[in-house]
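*Asks:* Below is a structure I'd like to ask you about.
The values are calculated or read from the model by the stated rules, or taken from the named source; none is laboratory data. Here the structure is a predicted model, which is why all the values come from computation and not from measurement. All Cβ positions, glycine included, derive from the backbone under ideal geometry; neighbour counts span all protein chains shown.
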């Protein structure tokens with residue numbers, strides 16, 4: 001019978017209905033046609049040729065099942081299956097869902113080597129954290145190694161920042177919870193790159209090109225080989241010597257990798273590997289390097305060679321670097337090397353930050369727009385740490401997003417939710433009053449009261465409020481209500497600046513406010529980074545002795561980091 005003339009019999013139609021009911025039970029009245037069809041075709045190969053006829057029938061069965069679930073409840077669906085197809089009520093064995101990161105391909109325990117390779121033109125940013133966290137997590141899972149490599153071979157466009165060489169390893173250790181297993185500095189290894197450049201020329205899969213950038217662009221667009229490509233080995237080695245000895249100046253010559261000028265992707269056509277930099281005008285900021293070298297590798301060549309030399313087995317990078325993978329794979333084929341397994345991730349954009357770059361942040365700091373890399377407004381690791389964002393929160397944020405090529409846009413609240421999970425259990429509660437107003441207590445009251453430092457942990461002790469003076473502080477905004485409840489104390493009725501005490505027990509729905517006793521309140525300030533500005537909120541804080549760096553929860557306001565006894569930095573609500 002032709003597939004187009006096939007019609008399902010009553011038994012098959014019943015199977016459609018039963019699978020739709022089963023799916024609706026499993027997903028609480030939200031059965032999906034695709035899921036039902038997939039299950040059906042997985043068990044009834046004879047029905048696969050009839051998909052076009054079956055799909056609308058399944059869709060109708062799903063609509064009916066969901067409608068029944070909504071109107072009669074899941075129990076009604078279960079009753080039908082108990083009578084007509086009880087085997088479908090047996091719990092299906094579900095595949096164990098992998099939590100965390102996807103499996104590494106072709107990985108062996110103890111033999112995985114990964115690398116995180118920032119340009120040290122500044123300390124690490126929020127975006128860098130992804131590379132550290134993901135690579136570090138895989139290194140831990142596979143008993144492998146994580147290399148921290150400084151790709152610092154550009155002294156002109158993105159000149160390295162000397163302090164970054166010390167700060168980045170410290171930040172990486174803070175974020176990872178362990179030190180990177182190796183630290184490699186590319187500018188220390190220029191002779192190695194020279195060695196492989198010379199081998200490339202000697203084996204004739206590289207050449208010294210004297211064409212101008214504009215001229216070579218025309219060759220690339222027209223898929224035409226430039227004249228330099230036909231240099232023999234001796235001519236290339238002689239030109240290479242002139243690059244090294246200063247005969248040539250920047251722009252006179254570059255070393256190119258021979259690929260093919262017919263490749264579909266123009267970026268891959270005879271790509272540049274090494275060029276001359278004017279290090280007399282732009283010396284490398286590391287004193288041991290300075291103006292020592294005239295010829296510097298471009299990133300794709302330097303990174304490819306270094307990955308091979310360090311035994312890197314897996315590269316995890318942004319999908320915007322796919323062309324780098326393609327270039328480097330062509331170079332590896334020339335040398336006869338095996339290219340590492342490669343995974344890619346898409347972009348992650350945080351709504352509140354928009355776009356940012358280390359180079360731009362550096363310019364803004366140098367211009368005085370920001371106070372430094374730890375400015376509360378900056379999405380740097382040191383800035384986030386200054387606000388009270390923990391390494392655990394950053395790790396969990398990036399691991400939850402995982403490794404996917406899909407571009408993702410998330411609110412900052414996503415990071416904050418991870419931070420709350422990280423700090424809340426240990427955060428003492430404190431009162432901070434904005435625009436404080438003093439009230440006099442009227443009526444009998446105890447000389448002092450005590451409340452828990454943390455509502456969930458009595459072991460953290462109590463906060464004692466001295467009421468001997470009979471005066472308290474509240475936020476002026478809370479006085480708009482005549483009937484309020486002082487948190488942990490009593491109901492009060494307000495008449496001007498007087499607070500008449502009522503029930504100790506909460507017996508109505510009046511708003512609960514935080515407060516301070518006169519004896520326990522000290523002048524303080526709360527620093528708040530908001531809308532590109534840092535505001536200082538003056539107020540009064542509960543007297544405390546928590547050391548700098550302690551994370552606290554300010555009642556009714558949010559979480560904050562202690563700077564000193566009278567200064568807090570607001571983290572998030």
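*Asks:* Which residues, counting only those in region 14-32, are outside any helix (DSSP H, G or I) and either outside the structural domain of residue 60 (by TED's automatic domain parsing) or crowded, with 20+ Cβ neighbours inside 10 Å (or both)?
*Replies:* 31
*Asks:* Taking the conditions exactly as written (touching a strand residue (DSSP E or B) at 6+ places or on another chain (Cβ under 8 Å) and farther than 23 Å from residue 430 by Cβ), does residue 507 satisfy them or not?
*Replies:* Criteria met by residue 507.
*Asks:* Counting only residues that are closer than 18 Å to residue 386 by Cβ, give me the strands (runs of 3 or more DSSP E) lying completely in region 489-573 with at least 3 of them.
*Replies:* 521-530, 533-542, 551-554, 558-564, 567-572
*Asks:* So, in region 9-50, exactly how many residues are in contact (Cβ under 8 Å) with a residue 12 or more places away in the chain, more than 15 Å from residue 64 (Cα to Cα) and touching a helix residue (DSSP H, G or I) at 6+ places or on another chain (Cβ under 7 Å)?
*Replies:* Selection size over region 9-50: 7.
*Asks:* Would you please name the residue that is nearest to residue 383 (Cα to Cα), looking only at residues in region 129-156 that are in contact with a helix residue (DSSP H, G or I) (Cβ under 7 Å, 6 or more places away or on another chain) and in a helix (DSSP H, G or I)?
*Replies:* 129
*Asks:* Looking for whichever is at pLDDT 95 or above, surrounded by 13 or more Cβ atoms within 10 Å (Cβ to Cβ) and under 18 Å from the mean Cα position of the chain (by Cα) here; the options are 186, 117, 197. Which one fits?
*Replies:* 117
*Asks:* Just checking, does region 157-175 include any residue being assigned to a loop (DSSP other than H, G, I, E, B) and surrounded by 21 or more Cβ atoms within 10 Å (Cβ to Cβ)?
*Replies:* Yes: region 157-175 contains one or more residues that are assigned to a loop (DSSP other than H, G, I, E, B) and surrounded by 21 or more Cβ atoms within 10 Å (Cβ to Cβ).
*Asks:* While we're on this one: Return the only residue of 245, 232, 252, 270 being under 40 Å from the mean Cα position of the chain (by Cα) and not assigned by TED's automatic domain parsing to the domain that holds residue 330.
*Replies:* Step by step, each of 245, 232, 252, 270 is checked, and only 270 is under 40 Å from the mean Cα position of the chain (by Cα) and not assigned by TED's automatic domain parsing to the domain that holds residue 330.
*Asks:* Also: State the number of residues belonging to region 197-223 that are in a loop (DSSP other than H, G, I, E, B), more than 23 Å from residue 332 (Cβ to Cβ) and touching a helix residue (DSSP H, G or I) at 6+ places or on another chain (Cβ under 8 Å).
*Replies:* The total comes to 2.
*Asks:* Could you grab the pairs with beta carbons closer than 7 Å, sequence gap of 6+ or different chains, first residue in region 275-291 and at positive phi, second one assigned to a loop (DSSP other than H, G, I, E, B) and surrounded by 14 or more Cβ atoms within 10 Å (Cβ to Cβ)?
*Replies:* 290/283; 290/284
*Asks:* Something else about it: Return the only residue of 407, 478, 426, 466 being touching a helix residue (DSSP H, G or I) at 6+ places or on another chain (Cβ under 9 Å) and more than 28 Å from residue 175 (Cβ to Cβ).
*Replies:* Just one listed residue meets the conditions, 466.
*Asks:* If you scan region 225-246, which residues turn out to be surrounded by 13 or more Cβ atoms within 10 Å (Cβ to Cβ) and farther than 19 Å from residue 193 by Cα?
*Replies:* 225, 226, 228, 229, 231, 235
*Asks:* If you don't mind, another one. In region 530-557, what residues are surrounded by fewer than 17 Cβ atoms within 10 Å (Cβ to Cβ), touching a residue at least 12 places away in the same chain (Cβ under 8 Å) and closer than 22 Å to residue 514 by Cα?
*Replies:* Selection gives 537, 538, 545, 546, 556.
*Asks:* Being crowded, with 19+ Cβ neighbours inside 10 Å and closer than 25 Å to residue 311 by Cβ is the filter here, so list the residues in region 202-219 that pass it.
*Replies:* Matches in region 202-219: 206 only.
*Asks:* Still on this structure: Taking region 144-156, which residues are under 29 Å from residue 251 (Cα atoms), over 20 Å from the mean Cα position of the chain (by Cα) and crowded, with 17+ Cβ neighbours inside 10 Å?
*Replies:* Scanning region 144-156 gives 150, 151, 152, 153, 154, 155.
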